[in-house]
Structure formats: structure tokens, C-alpha cells
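As C-alpha cells, the structure follows; a few thoughts come after it.
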Amino acid sequence: MESTRVEPNSLIEGRAIGELQGVGRWQLSNDGETTIVRYDWRVETAKPWMNLIAPIARPVFSWNHNVVMGWGGEGLAKRLGVPLLSQPR
């Protein structure tokens with residue numbers, strides 16, 4: 001990911017380069033003492049073999065993405081010393 005836009009305390013945008021290409025956007029807001037982070041990820045596969053098998057492998061790609069994002073959320077929460085209140089869908 002390459003950061004392309006930062007609005008302190010509210011937004012981070014980035015561009016994915018590599019096996020996946022596209023953009024990601026982290027929107028931060030709060031609900032009382034809880035910080036809410038919404039991550040939107042709009043990417044496409046960049047490798048020909050991925051594009052070839054995507055129609056049948058989409059569930060595996062989605063599952064893998066959710067696992068990796070879950071690990072990232074757990075790691076970030078641990079580093080910040082806070083509980084992770086939800087996982088990716």
C-alpha cells in the first residue's frame with residue numbers, strides 16, 4: 001500500500017500495487033469513547049493466473065482476505081492496547 005491521502009484523525013487512503021491493484025480507504029469516527037474504523041477495499045487481481053481462476057476461487061480469495069484483515073485488526077488492537085470489537089465480514 002502507498003498512502004495517497006491523509007486527513008488526520010478521520011481518513012487514510014492508499015493505493016495497492018502488486019498481486020492486487022486498487023484503492024483502500026480507512027474512515028475513522030467515534031462513538032463516545034469507541035473509535036470506529038471502516039475499511040473499504042476496492043481491488044482487482046493483477047496476475048493472469050488469478051484472473052483465470054477467479055470465477056471459481058472467489059470464495060477462497062474472500063476467505064483469505066478476511067483472515068488476513070482479521071490478523072491485522074488483532075495486531076493493531078494489541079499494539080494499541082485496546083479490545084477488537086468486531087471482525088471483517
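The values are calculated or read from the model by the stated rules, or taken from the named source; none is laboratory data. Note that the structure is a prediction, hence the values are computed from the model and not measured. No Cβ is skipped: glycine too gets one built from the backbone with ideal geometry, and neighbour counts run over all protein chains shown.
In this structure, does Val60 turn out to be over 23 Å from Glu7 (Cβ atoms), loosely packed, with under 13 Cβ neighbours inside 10 Å and not acidic (Asp, Glu)?
yes
Do we have any residue at all in the stretch 69-89 that's among the aromatic types (Phe, Trp, Tyr), surrounded by 11 or more Cβ atoms within 10 Å (Cβ to Cβ) and not in a loop (DSSP other than H, G, I, E, B)?
no
Restricting the search to the stretch 36-73, which residues are more than 14 Å from Gly22 (Cβ to Cβ) and among the aromatic types (Phe, Trp, Tyr)?
Scanning the stretch 36-73 gives Trp49, Trp63, Trp71.
Of the residues that make up the stretch 29-37, is at least one among the β-branched types (Val, Ile, Thr) and part of a helix (DSSP H, G or I)?
There is no residue in the stretch 29-37 that is among the β-branched types (Val, Ile, Thr) and part of a helix (DSSP H, G or I).
For the stretch 1-50, name all the residues that are under 20 Å from Leu76 (Cα atoms), at pLDDT below 90 and either β-branched (Val, Ile, Thr) or surrounded by 12 or more Cβ atoms within 10 Å (Cβ to Cβ) (or both).
Scanning the stretch 1-50 gives Met1, Thr34, Thr35, Ile36, Val37, Tyr39, Trp41.
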